[in-house]
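A.B. asks: Questions regarding the structure given below will be posed in turn.
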Amino acid sequence: MAYQSIDQSMIHASVNNDNECYNYVGCDCSDCSVENCPCRYENMRAYDGSRRLILGLDNGSEDVQNPVLECNDFCFCSMFCYNRVVQLGSTSKLECFKTQSKGLGIRSKDKLLAGQFVCEYLGEIISIDEAKSRFAHYNPNLPNYICILREHITTVSNNRIVITCIDATKFGNIGRFINHSCTPNLLPVAVRINNDIPHLAFFTNRDIAANEEITFDYAGGCNDNRTQPMKYKIKCLCNSQNCIGYLPYDAMLFDEIV
C-alpha cells in the first residue's frame, strides 16, 4: 500500500476537539544529571548515562514502561543533556527486508543494546472516534496501521487512562513495517517533549543481534486485546513459544462510536 514518508507525526483535525495541546515549561538546569532537575524528576530518571532506557523502572515489569518526559525547547540545558533522546532521532541502521512468511519486516544492520532507542511510530494522530470510523471501513485482508497507545497515569488525586491513536496508513515512517510478535524485542513507550501529545517511541527490551528482526506486541501488553471477532482473526506467524495464534487488535476499535 502506497504511503507518504514523514519525519514527524501529523495532528489530524479530529484531535482538536478531544485534547488541548499545551506547551511545557522548561527546566533552568545547566546540568540535568543532577537529581533536582524537574524534567528528570517527572521521569524518575528514565535514561541512564548512556541515554538508554532503564527497563522496568518503578513498576517491576519489563513489559510495561512508565511515560517519559524529556527536556524540551524551553529548557536551559544543552542538546548533550542525558534527558534528550527521542528528540535527537534514531541512530539505528534500520532496513526493510523480505521475511520468509510475514511479508516485509524491519531489522538493524548493527547490534542493538538493551534500552536503546530504535525509532518512532509516525503517522496521523487521530481521535478515538476517527480511529473507530476508519477501522470500521478496514479491509481485514490488508495490514492494519492504526496503533493505539494507552497510558495509565497515576496521580495523588486520581488514576486515568490516556489514549493516543496513530494511523500510519497514508502517512508514516519505517516503523509502520515493524511486525508483531507475541514475544517482542521492542517496548513501546510514550515520550513527551514540548507538549502533552506523546511520541510513540520504540526501545529494545533486550540486546538484539545484528540482522535479527525487530518486533513489538500489537496488543500493547493488554490481555483484553488478544481476542477479536472471527472476521478479524488473522493467523499469527511469529512462531514464538508464547504465540496466541492470532494477530491482536486493540479491543477499543470494535466498540461502537459514541
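A.B. asks: Return yes when GLY105 is within 26 Å of ASN141 (Cβ to Cβ) and out of contact with any helix residue (DSSP H, G or I) (no Cβ under 6 Å at 6 or more places or on another chain) and no when it is not.
C.D. replies: When the stated conditions are applied, GLY105 passes them.
A.B. asks: Return the pair list, or none, for Cβ contacts closer than 9 Å from residues in segment 75-94 that are farther than 22 Å from GLU213 by Cβ and open to solvent by less than 20 Å² (accessible area, probe 1.4 Å) to residues that are among the polar types (S, T, N, Q) and modelled with pLDDT under 95, at least 6 apart or on different chains.
C.D. replies: Filtered contacts from segment 75-94: CYS75/ASN83; CYS77/SER30; CYS77/ASN83; CYS81/SER33; ASN83/SER33; ASN83/ASN43; ARG84/ASN72; ARG84/SER78.
A.B. asks: Just to be sure I understand, how many residues within segment 104-118 are in contact with a strand residue (DSSP E or B) (Cβ under 8 Å, 6 or more places away or on another chain), open to solvent by 10 Å² or more (accessible area, probe 1.4 Å) and part of a loop (DSSP other than H, G, I, E, B)?
C.D. replies: 5
A.B. asks: Can you give me the number of residues within segment 124-143 that are closer than 21 Å to LEU247 by Cα and touching a Phe, Trp or Tyr at 6+ places or on another chain (Cβ under 6 Å)?
C.D. replies: Of the residues in that region, 1 qualify.
A.B. asks: For the condition at pLDDT 95 or above and β-branched (Val, Ile, Thr), what is the one hit in VAL85, VAL64, VAL68, VAL34? Full working, then the answer.
C.D. replies: Values: VAL64 fails: at pLDDT 95 or above; VAL68 fails: at pLDDT 95 or above; VAL34 fails: at pLDDT 95 or above.
Being at pLDDT 95 or above and β-branched (Val, Ile, Thr) holds for just one of VAL85, VAL64, VAL68, VAL34, which is VAL85.
A.B. asks: (1) touching a helix residue (DSSP H, G or I) at 6+ places or on another chain (Cβ under 8 Å); (2) among the acidic types (Asp, Glu); (3) under 30 Å from ASP207 (Cα atoms): which one isn't true of GLU151, the others all being true?
C.D. replies: (1)
A.B. asks: Here's a follow-up. Quick check: anything in segment 188-204 of a type in the set (A, V, I, L, M, F, W, C), over 23 Å from ARG84 (Cα atoms) and buried (at least 19 other Cβ atoms within 10 Å of the Cβ)?
C.D. replies: Checked segment 188-204: no residue is of a type in the set (A, V, I, L, M, F, W, C), over 23 Å from ARG84 (Cα atoms) and buried (at least 19 other Cβ atoms within 10 Å of the Cβ).
A.B. asks: Which residues, counting only those in segment 164-186, are among the aromatic types (Phe, Trp, Tyr) and under 20 Å from SER133 (Cα atoms)?
C.D. replies: Within segment 164-186, just PHE171 meets the criteria.
A.B. asks: What residue, among those in segment 14-31 that are open to solvent by less than 70 Å² (accessible area, probe 1.4 Å) and modelled with pLDDT of 80 or more, is farthest from the chain's Cα centre (by Cα)?
C.D. replies: CYS29
A.B. asks: Can you tell me which residue within segment 128-159, out of those that are surrounded by fewer than 12 Cβ atoms within 10 Å (Cβ to Cβ) and not in a loop (DSSP other than H, G, I, E, B), is modelled with the lowest pLDDT?
C.D. replies: By that ranking, first place goes to THR154.
A.B. asks: Can I ask one more? Against the condition within 23 Å of LEU53 (Cβ to Cβ) and either touching a residue at least 12 places away in the same chain (Cβ under 8 Å) or not hydroxyl-bearing (Ser, Thr, Tyr) (or both), how does CYS165 come out, does it pass? Spell out the reasoning first.
C.D. replies: Working: within 23 Å of LEU53 (Cβ to Cβ): no; either touching a residue at least 12 places away in the same chain (Cβ under 8 Å) or not hydroxyl-bearing (Ser, Thr, Tyr) (or both): yes.
Taking the combined requirement at face value, the residue does not satisfy it.
A.B. asks: When the residues of segment 206-239 are filtered to those that are at pLDDT 95 or above and open to solvent by less than 50 Å² (accessible area, probe 1.4 Å), which remaining residue is farthest from the chain's Cα centre (by Cα)?
C.D. replies: It comes out as ALA210.
The values are calculated or read from the model by the stated rules, or taken from the named source; none is laboratory data. Predicted model only: the values in this text are computed from it and were never measured. Note that each Cβ is placed from the backbone with ideal geometry, even for glycine, and that neighbours are counted across all protein chains shown. Heads up: the accessible areas ignore ligands, DNA and RNA and are worked out on the full protein's heavy atoms, side chains in. Shrake-Rupley method; radii C 1.70, N 1.55, O 1.52, S 1.80 Å.
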